[in-house]
Amino acid sequence: GSTYGDCAISVFGLIVFQFGFYLASNTRNNIPWNMVIVGLFFQQVIALFILKSDAGFKIFRWIATLAQDFLGEAAPAAQFFFDANTIAKHWFFINTLSAIIFFVAFVQM
């Protein structure tokens, strides 16, 4: 539902960010522009696949559901390492760290 103006703003934002990174670089001559352009191209292809095709949307919704289930399994690990007040705050770092601890412990079994 976006217009061509919205798309132009997005492309302009990409150009501004790339130009900002170029200005912030200490070694501007060593920037591999072919890799940058190919990376931006693949980013757009993946975005179009997800946003414009039903199959892409379903695949990434499935991945998001797996990630949500994985992070949900971190609650027992979080209770082992942190107190109830810290867990109740739902800090991203605490939940993610607990999920990583849970995963590493599960893989070691």
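The values are calculated or read from the model by the stated rules, or taken from the named source; none is laboratory data. Bear in mind that the values here come from a model prediction, so they are computed numbers and not experimental data. Backbone-built Cβ (ideal geometry, glycine too); neighbour counts: all protein chains shown. Protein only, heavy atoms only, side chains kept; ligands, DNA and RNA dropped before computing areas. Shrake-Rupley method; radii C 1.70, N 1.55, O 1.52, S 1.80 Å.
Any chance segment 96-109 includes a residue that's assigned to a helix (DSSP H, G or I), touching a Pro at 6+ places or on another chain (Cβ under 8 Å) and open to solvent by less than 100 Å² (accessible area, probe 1.4 Å)? There is at least one residue in segment 96-109 that is assigned to a helix (DSSP H, G or I), touching a Pro at 6+ places or on another chain (Cβ under 8 Å) and open to solvent by less than 100 Å² (accessible area, probe 1.4 Å).
One residue stands out in segment 52-81 among those that are surrounded by 11 or more Cβ atoms within 10 Å (Cβ to Cβ) and under 30 Å from Val16 (Cα atoms): the one that is farthest from the chain's Cα centre (by Cα), namely Ser53. What about Phe42, is it on the phi < 0 side of the Ramachandran plot, assigned to a helix (DSSP H, G or I) and either in contact (Cβ under 8 Å) with a residue 60 or more places away in the chain or open to solvent by 90 Å² or more (accessible area, probe 1.4 Å) (or both)? So Phe42 passes the test. Taking the conditions exactly as written (at pLDDT below 90 and either in a helix (DSSP H, G or I) or surrounded by 10 or more Cβ atoms within 10 Å (Cβ to Cβ) (or both)), does Ala47 satisfy them or not? The answer is yes for Ala47. Out of (1) open to solvent by 80 Å² or more (accessible area, probe 1.4 Å); (2) at pLDDT 90 or above, the odd one out for Phe93 is which? Among (1) open to solvent by 80 Å² or more (accessible area, probe 1.4 Å); (2) at pLDDT 90 or above, the lone unmet condition for Phe93 is (2). Among residues of segment 51-64 that are on the phi < 0 side of the Ramachandran plot and assigned to a helix (DSSP H, G or I), those with a beta-carbon under 7 Å from a residue that is open to solvent by less than 80 Å² (accessible area, probe 1.4 Å) and of a type in the set (Val, Ile, Thr) at least six positions away or on a different chain give the pairs Gly56/Ile50; Phe57/Ile50; Phe60/Ile50.
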